[in-house]
């Protein structure tokens, strides 16, 4: 199953490490109760699992993800060294970023499945018990604030700084990913809601943005159901902008839709969705 994933420029994100935030959703079986906890990574193992989730969801050869036949050399290359190198690169990158961005507007959260009755049930029967099953990354990036402007790109933020009338720092969801084994359980929505809560209540921001690849149908559906709308270019069409993403430790530039949602009413500071 295709993983839900959105990647944007890592070089343009500014950020804050927040205190742990938890959201609980229980599901019941004959002998267990599981809960989904959403909080910042709290250990090296959390970062390792986060890296493994991203690499398996995004960097693995597409044919491997779909269980199709793959060329032998490609499979050997991936299994022997490319996968482990990419996981280590991703792990070190997020650990370093978390330290660098501490105290700034940056939010990195993981969704972990936790067994509430682990004393009575073996961990093997719980799948990824106590494991990372989803993640989201949000920071600040320069985004258009006027719906009628033509866009620049996240990759060109240094150039964008000269156009302050139409470009302003806004919370931008950089990555959101849910394990294929835990999709359609509402985890993506919970991660999204938590980002909005942080941007609105802690950062006191009015809007939140996200870049989405045009062919990423699951992601587009998630954000559209969450109330995100397309930004418009100068001709009234959907705004597209080039965004830098990382794939197998290499940067690529791809066009993305820019979606935006109002999360705060300037008049009274209240969430307009609560009205």
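The values are calculated or read from the model by the stated rules, or taken from the named source; none is laboratory data. Small disclaimer: the values here were computed from a predicted structure and weren't measured. Glycine also receives a Cβ, built like all others from the backbone with ideal geometry; neighbour counts cover every protein chain displayed.
How do the helices (runs of 4 or more DSSP H) wholly within the range 64-165 filter down when requiring 2 or more residues that are in contact with a helix residue (DSSP H, G or I) (Cβ under 9 Å, 6 or more places away or on another chain) and modelled with pLDDT of 90 or more: which remain? Full working, then the answer.
Numbers: elements: 72-77, 83-100, 157-160.
Of the helices (runs of 4 or more DSSP H) lying wholly inside the range 64-165, those with at least 2 residues that are in contact with a helix residue (DSSP H, G or I) (Cβ under 9 Å, 6 or more places away or on another chain) and modelled with pLDDT of 90 or more span 83-100.
Of everything in the range 169-184, what is in contact with a strand residue (DSSP E or B) (Cβ under 7 Å, 6 or more places away or on another chain) and farther than 16 Å from residue 35 by Cα? Give them in sequence order. Spell out the reasoning first.
Taking the range 169-184 first, the residues in contact with a strand residue (DSSP E or B) (Cβ under 7 Å, 6 or more places away or on another chain) are 169-179, 182-183.
Matches in the range 169-184: 169, 170, 171, 172, 173, 174, 175, 176, 177.
Of the residues in the range 185-220, how many are at positive phi and in contact with a strand residue (DSSP E or B) (Cβ under 9 Å, 6 or more places away or on another chain)?
Count: 1.
Considering only the range 227-275, state which residues are on the phi > 0 side of the Ramachandran plot and at pLDDT 90 or above.
227
Any residue in the range 30-42 that is farther than 23 Å from residue 188 by Cβ, at pLDDT 90 or above, surrounded by 11 or more Cβ atoms within 10 Å (Cβ to Cβ) and over 16 Å from the mean Cα position of the chain (by Cα)?
No, the conditions are met nowhere in the range 30-42.
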